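Q: Below are the structure tokens for one structure; questions will follow.
The values are calculated or read from the model by the stated rules, or taken from the named source; none is laboratory data. None of these values were measured; they are calculated from a predicted model. Positions of Cβ are generated from backbone atoms using ideal geometry, with glycine treated the same way; all protein chains shown enter the neighbour counts. Accessible surface areas use protein heavy atoms only, side chains included; no ligands, DNA or RNA. Shrake-Rupley method; radii C 1.70, N 1.55, O 1.52, S 1.80 Å.
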Amino acid sequence: MRAPWYLVTLRYIAAIFVTAVFMFPVFWWGLTSIKPTRAIFNREQVVVFDFEPTLENYRVTVLGESPSLIESGASMGTGGENSFDGRETIFDSIVIAVGSTVLTIILAVGAAYALSRLTFRGSQLYLNWILSHRFLPPIAIIVPIVFMFRDLGLRDTHLGLILVHTLINLPIAVLLLKSFLDDVPKDVDQAAMIDGATRWQSFRLVVLPMIKGGIAATAVLCFVFSWTEFILSLFLTSEIRTLPVKITTFVTSTGSEWGYISALGTSAMLPAFIFILLVQRHLVRGLTMGAIKD
Amino acid sequence: MTETTITSTGPQQPRKLWTMPRWLTSEHPFPWVFPTTATLIVFGLYPILYAVWLSLHRRHPVTRENQFNPEWNWSRVFADERVWDAIAVTYMYTSVAIVIQLALGLAIALLLDSERRGFGLMRALMTLPLVVPPAVTGMMFLLMYNNSFGVISRSLQHIGLMGTDTPLLATGSTALWAIMVADTWQWTPFMVLIMLAGLRALPKDPFEAAAIDGANAWQAFTRLTLPMLSKIIAIAVLIRGIDLFRVYDYVKVMTDGGPGTATETLTAYAGKIYFGSANFPYASAVAILTLVLVIITANIFIKVFKVRF
């Protein structure tokens, strides 16, 4: 049964339209980042393509160059430090996202293995307990964590944010890794153990290499979640700033520097875009914590 | 289970003076689960219990010391009209957004579920909103909603759907919906992806049988596709629903609860108490209330729709 040509055409038009609608905000954001300030703030009309593209916004935010006087708006102080320099923020974000990803995987893989391979009393309950952390409103733990970090000297440190992002990522990583481990037949590691390997050896030498792809996919998702996390970073830091928090500080009462905001925002999206395209295959499984396999 | 007996057939280890207690060996779950459990207790369970404990204290208005007074905050929470407003806003936001996102997600999934040229690319492009940091999404829409140079507001003004004196985010009747548009833009792709996975996994036979029996596309959709997708839909709605209930980033970035308290969700209100008056015991009480409502609502949903991970 073949669909008639006009239905196929209609479907193409509808699909392209929907995709275009969903691409538009990102497109507009990227476009804004290469507009000169005059074009962004044009009150007479919304400027679409009628401007001279400039990389000024990227030079200021990503490379940390001082804004040229002509381009900077009236709200900018002249001279002094470039408060739109995003280099430190990018560094902080990378350290925190990579750190929490590595820590999450190391911690989670053990629990995932136990849940997949060992039977113990209350394992379903334990699984649910881990899962429940995924749904915890961060606001409920912020005040105690602020106190705790103050006492431990973890406020405004990379380690502090790495630890809380690990908390956020752990439930996702455990469930996801468990689902990848469940895909490996139990016969495989049992064969190794019959041959005399301890459980630890069969895990390290046989099972672990078989779930490399799953670990990579889990790691990418953890990285993206840490990279995009906002509320905990906002409350727990004032000196160290991750990208999402830093970008929101560019909105001020005297006027928002949309050029700089969109340039840093675009830079913040790019790595996540690239990473997520690498794990397209496991995305559904990752977003549903292994509940749905694509 | 059989695992334990199998390993005992391994080669005999030479006798040691001290043998590891069994619960420290890799045969026992303890060493496997300990790191994760410890982290979740220290950074999850302990802070929650601490927040509950804190909510049972009264902050002295002058000395700012916390005195044990279990009724103080909780009687205040239930008498606080802003709390009731926030509960109403949160439930309204969650329920409307979940319906829109699910319906759009399902429709777009059906639309994009094709093997024709270009559809694979379009499906890949649809995933991109998912990785934009939600705070940045808020900023994107803040820019597009700007009343004097934002592309959405100016277009709406141009075609006469919106007056220039009613900025989208500063007008009580539109602000919450404007935030919901940003949320929907970001998370409808989540629904699309899950529904696509569900559609792919459907067996072909029932549809062929239905076609032979003369069922039309709508009948096939309502009688076959929807019932067979129900388990997946339930999981998707649960995950998305809880995230909607906890919404913070968009509200904080786009309106900070305003105008007035029109977009003040529970988390936004708790955050405001925290940043505004620094009354930590009261902020904790509102936050714990949020947590309790999440647990109750999610569990009702799980019971009714029999969701299982």
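Q: If the Cβ limit is 7 Å and pairs must be 6+ apart or interchain, which residue in the stretch A:166-177 that is among the charged types (D, E, K, R) pairs with which residue that is open to solvent by 10 Å² or more (accessible area, probe 1.4 Å)?
A: Within 7 Å, no pair qualifies.
Q: Test each condition in (1) within 11 Å of chain B (Cβ to nearest Cβ); (2) under 21 Å from the mean Cα position of the chain (by Cα) for A:Thr198 and report the one that comes out false.
A: Evaluating A:Thr198 over (1) within 11 Å of chain B (Cβ to nearest Cβ); (2) under 21 Å from the mean Cα position of the chain (by Cα) leaves (2) as the failure.
Q: Looking at the stretch B:115-129, which of its residues are facing chain A (nearest Cβ under 7 Å) and either touching a residue at least 40 places away in the same chain (Cβ under 8 Å) or open to solvent by less than 40 Å² (accessible area, probe 1.4 Å) (or both)? Before you say what the answer is, go through the steps one by one.
A: The initial filter retains those residues of the stretch B:115-129 that are facing chain A (nearest Cβ under 7 Å), namely B:119, B:122, B:124-129.
Scanning the stretch B:115-129 gives B:Phe119, B:Met122, B:Ala124, B:Met126, B:Thr127, B:Leu128, B:Pro129.
Q: Any chance you could count how many residues in the stretch A:114-137 are open to solvent by less than 20 Å² (accessible area, probe 1.4 Å), over 22 Å from B:Arg246 (Cα atoms) and facing chain B (nearest Cβ under 7 Å)?
A: 2
Q: Here's another thing I want to ask about it. Of all residues in the stretch A:240-277, which are among the small types (Gly, Ala, Ser), buried (at least 21 other Cβ atoms within 10 Å of the Cβ), touching a Phe, Trp or Tyr at 6+ places or on another chain (Cβ under 8 Å) and more than 9 Å from chain B (Cβ to nearest Cβ)?
A: The one that is among the small types (Gly, Ala, Ser), buried (at least 21 other Cβ atoms within 10 Å of the Cβ), touching a Phe, Trp or Tyr at 6+ places or on another chain (Cβ under 8 Å) and more than 9 Å from chain B (Cβ to nearest Cβ): A:Ala263.
Q: So for the stretch B:184-192 (the condition being touching a residue at least 40 places away in the same chain (Cβ under 8 Å), surrounded by fewer than 22 Cβ atoms within 10 Å (Cβ to Cβ) and closer than 19 Å to A:Gly265 by Cα), does at least one residue qualify? Can you show your working first?
A: Narrowing the stretch B:184-192 to residues touching a residue at least 40 places away in the same chain (Cβ under 8 Å): B:184-192.
Right, trim to surrounded by fewer than 22 Cβ atoms within 10 Å (Cβ to Cβ) and you get B:184-185.
With closer than 19 Å to A:Gly265 by Cα added as a condition, the list becomes B:185.
Scanning the stretch B:184-192 turns up at least one residue that is touching a residue at least 40 places away in the same chain (Cβ under 8 Å), surrounded by fewer than 22 Cβ atoms within 10 Å (Cβ to Cβ) and closer than 19 Å to A:Gly265 by Cα.
Q: Scan B:Ala201, B:Ala182, B:Ala210 and give me the residue that is away from chain A (no Cβ under 11 Å) and at negative phi.
A: Checking each option against the conditions leaves just B:Ala210.
Q: Restricting to helices (runs of 4 or more DSSP H) lying wholly in the stretch A:161-239: which have 2 or more residues that are open to solvent by less than 20 Å² (accessible area, probe 1.4 Å) and under 30 Å from A:Asp151 (Cα atoms)?
A: A:212-228, A:231-236
Q: Next question. Given the stretch B:25-114, what helices (runs of 4 or more DSSP H) lie entirely inside it while holding 3 or more residues that are under 30 Å from B:Trp185 (Cβ atoms) and either within 14 Å of another protein chain (Cβ to nearest Cβ) or among the basic types (Lys, Arg) (or both)?
A: Counting at least 3 such residues, we get B:81-112.
Q: Another question, then. Regarding B:Ser173, is this residue among the hydroxyl-bearing types (Ser, Thr, Tyr), surrounded by fewer than 19 Cβ atoms within 10 Å (Cβ to Cβ) and within 9 Å of chain A (Cβ to nearest Cβ)? Please lay out each step first, then the result.
A: Working: among the hydroxyl-bearing types (Ser, Thr, Tyr): yes; surrounded by fewer than 19 Cβ atoms within 10 Å (Cβ to Cβ): yes; within 9 Å of chain A (Cβ to nearest Cβ): no.
No: the conditions fail for B:Ser173.
Q: Here is a further query. Quick one: in the stretch A:15-55, which of the residues that are facing another protein chain (nearest Cβ under 8 Å) and touching a Pro at 6+ places or on another chain (Cβ under 9 Å) is surrounded by the fewest Cβ atoms within 10 Å (Cβ to Cβ)?
A: Going through the qualifying residues, I end up with A:Met23.
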